[in-house]
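Asker: The structure that follows is given in the form of structure tokens.
The values are calculated or read from the model by the stated rules, or taken from the named source; none is laboratory data. Just so we're clear, the structure is a prediction, and the values are computed from it rather than from any experiment. Please note: Cβ atoms are built from the backbone with ideal geometry, for glycine as well, and neighbour counts cover all protein chains shown.
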Amino acid sequence: MRTAFVDTLVQLAKEDERVVLLTGDLGFMALEPFRDAYPSRFVNVGVAEQNLIGIATGLADAGFTPFCYSIATFASMRGFEFFRNGAAWHNLPVRLVGMGGGFEYGSAGVTHHGVEDLGAMRLLPPVTVIAPADAEQTPPLVRYAQSRRGPVYLRLGKNDRRRVPGLEGAFEPDRISITRQGASGLVLATGSVAAEAAESVEGLSLSGLSCSFGVVASLAPAPVDHLRELLAAHPWVATVEAHVPAGGLGSLVAEVLAEQGAATPLLRCCVDDPFASEELGDEAFLHELHGLSATALERRLASFVESLA
Amino acid sequence: MPGSSRDLGTPRARTRDRLLARRIRSLVIEHSYRAHVGHIGSSLSVAEILGALYGSVVHGQPTDPARDRVILSKGHAALGLFAALTLTGRLEPDELDTFCRPGSRLGVHPDPGVPGVDFGTGSLGHGLSIGTGAALAARMQNRSSRVFVVLSDAELNEGAVWEAAQFAAHHRLGNLVAIVDLNGQQAFGYTSEVLSIPDVGGAFTAFGWDVVQADGHDEEGLSRVFDVEGAPGSPRVVLAKTVFGRGVSFMERQLKWHYLPLEEEQYHVAMQELQPS
């Protein structure tokens, strides 16, 4: 997704002179194509995320649409109050880019595990909160971010190779991107862990449990109407995300279910407690540890369905 | 980029011969008394700073994209700002009368929806960073406009101020002016006792800023200091020595006037003291 992001941003900068890229001293061997193509529109503000967001606020007020790049934890939380009182309150087009959301920075440790970013950003009503599932879905979401009048949080993954089968870059605002139809149940995922979720759903189908699978790339604004339609058409729903229970996709679906008084059973596959274990490893290890690998998800989904019988 | 032309529509002609500070103070006393709110001492200490800025230095009307920007980073002096905006025709007097009433846009800290308020503030340590971005934007757009950020000395406790200070000097933002209201007071004591920087000027100098010491209660002197751009390529900081609660004898240097509203008798005494001599 990172390469797809930078390539798309270079193209956007060519089309739209408001685009500038700020980084909090991150993006080595990634952001250079933008820096080299538009040196006067690229600023490394240094290791100072509050200032990154504050500067972007001043730039956005003057008519620019700054993209602010950092690791997901730093982008979404170190300068949170600057973002709230700046871009959110003033409704300015600052685009925060949180790289490596979820466990993509695996062995780097807890400080680099971006598992609260989506919820933190969903707390701010004017903010568009989006997370592509793979590299192919990244360009339309970067363009969608740029089309928004107000502030945006864009969670990205680093991996440019892994794909969600059948997604093929599909994204429509207010819609969930359905890649598989099945009557047994509904599985929804957001972010790069969607590839694991999609694989688990394929695995389940081999054992006779055919589920629908969809990618929710925009949590705010949320595709509420489409979600309601899908919920009405399936006996249960499961959500998959590399995020804590509060504020993310599972939380969103629970809110929609509760507000319509639906009794649809819900399984939230997420990161229950990012601080609970001292064990570190790569992303695959951490997905397994938190029950978010394809095999773990398949097991959990099968067990959930069994419990409903 | 959006236009780089500069409309210098300025209130200068209307106000250049009349100093604003005393009238700012009178409005601060009048409206804080009416609204029964505090934060009076802070608004009094910046009266000359705001008077100088809005009376003769700041160019451009509030709707002009090429205008100079003013950020009251010490947002708790908003009533002083509203008074200055009103006295220079940027804010309607009728709106000032709504200060802190239910439904008003005018509260204890400035809201960006208020005419003449460039940025909403209220959380210390935010303004210099925004101002740095605004100054960078002006340079990227080839505009000659300037950015003024008014900070409190207590605000220098905030680390983000120094993030912005470092950036502004490194990027040689000569169109940025920080004004520190050195009133020596903060929310729970004197700055010298709570968290002091023994040499504020030295600190800014070390970060690469052009440092100017000024009498914060000399409105004309401040105007001259603000009018002159700093050393080429250096952001400028004006260290304005002030007295907390200035102009009302029983408030001067008294911490409680960070918090207390005026009672009736105090109000009359204050207004009496602020009569033109």
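Asker: Can you pull out the residues in segment B:122-159 that are in a loop (DSSP other than H, G, I, E, B), out of contact with any His (no Cβ under 6 Å at 6 or more places or on another chain) and not acidic (Asp, Glu)?
Answerer: B:SER123, B:LEU124, B:GLY125, B:HIS126, B:GLN141, B:ASN142, B:ARG143, B:SER144, B:SER145, B:ARG146
Asker: Turning to a different aspect of this structure: Which of the residues spanning segment B:70-118 are among the small types (Gly, Ala, Ser), out of contact with any Ser or Thr (no Cβ under 8 Å at 6 or more places or on another chain), without any contact (Cβ under 8 Å) to a residue 60 or more places away in the chain and more than 22 Å from A:GLY54 (Cα to Cα)?
Answerer: The answer is B:GLY103, B:GLY107.
Asker: Another one. If you scan segment A:41-59, which residues turn out to be more than 7 Å from chain B (Cβ to nearest Cβ), free of Cβ contacts under 8 Å to residues at least 40 places away in the same chain and not in a loop (DSSP other than H, G, I, E, B)?
Answerer: Scanning segment A:41-59 gives A:ARG41, A:PHE42, A:VAL43, A:ASN44, A:GLU49, A:LEU52.
Asker: Just for segment B:206-219: of the residues that are surrounded by 14 or more Cβ atoms within 10 Å (Cβ to Cβ) and assigned to a helix (DSSP H, G or I), which one is nearest to the chain's Cα centre (by Cα)?
Answerer: Ranking the candidates gives B:GLU219 first.
Asker: Exactly one of (1) under 24 Å from A:LEU167 (Cβ atoms); (2) part of a loop (DSSP other than H, G, I, E, B); (3) touching a residue at least 24 places away in the same chain (Cβ under 8 Å) is unmet by A:PRO274. Its number?
Answerer: (1)
Residue-wise test of (1) at pLDDT below 95; (2) hydroxyl-bearing (Ser, Thr, Tyr); (3) surrounded by fewer than 18 Cβ atoms within 10 Å (Cβ to Cβ); (4) over 18 Å from A:ALA72 (Cβ atoms).
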position	(1), (2), (3), (4)
A:GLU168	no, no, yes, yes
A:PRO173	no, no, yes, yes
A:GLN181	no, no, yes, yes
A:LEU186	no, no, no, yes
A:SER218	no, yes, no, no
A:ALA232	no, no, yes, yes
A:VAL237	no, no, no, yes
A:VAL240	no, no, no, no
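Asker: Starting from residues that are of a type in the set (Val, Ile, Thr) and closer than 9 Å to A:ASP25 by Cα, keep the ones in segment A:44-56 and report whichever is surrounded by the fewest Cβ atoms within 10 Å (Cβ to Cβ).
Answerer: Within segment A:44-56, the match that is surrounded by the fewest Cβ atoms within 10 Å (Cβ to Cβ) is A:VAL47.
Asker: Give all pairs with beta carbons closer than 7 Å in which a residue from segment B:175-192 that is on the phi > 0 side of the Ramachandran plot meets a residue that is in a loop (DSSP other than H, G, I, E, B); count only pairs at least 6 apart in sequence or on separate chains.
Answerer: Pairs that qualify, where the first residue is on the phi > 0 side of the Ramachandran plot and the partner is in a loop (DSSP other than H, G, I, E, B), are B:GLY184/B:ASP153; B:GLY184/B:PHE244.
Asker: Being at pLDDT 95 or above, polar (S, T, N, Q) and touching a strand residue (DSSP E or B) at 6+ places or on another chain (Cβ under 9 Å) is the requirement here; does B:SER123 meet it?
Answerer: When the stated conditions are applied, B:SER123 does not pass them.
Asker: State which residue pairs qualify: first residue within 11 Å of another protein chain (Cβ to nearest Cβ) and over 16 Å from A:LYS158 (Cα atoms) and inside segment A:69-87, second residue buried (at least 24 other Cβ atoms within 10 Å of the Cβ) and charged (D, E, K, R) in any location, beta carbons under 6 Å apart, and separation of 6 or more residues or different chains.
Answerer: Qualifying pairs under 6 Å: A:ARG78/A:GLU49; A:GLY79/A:GLU49.
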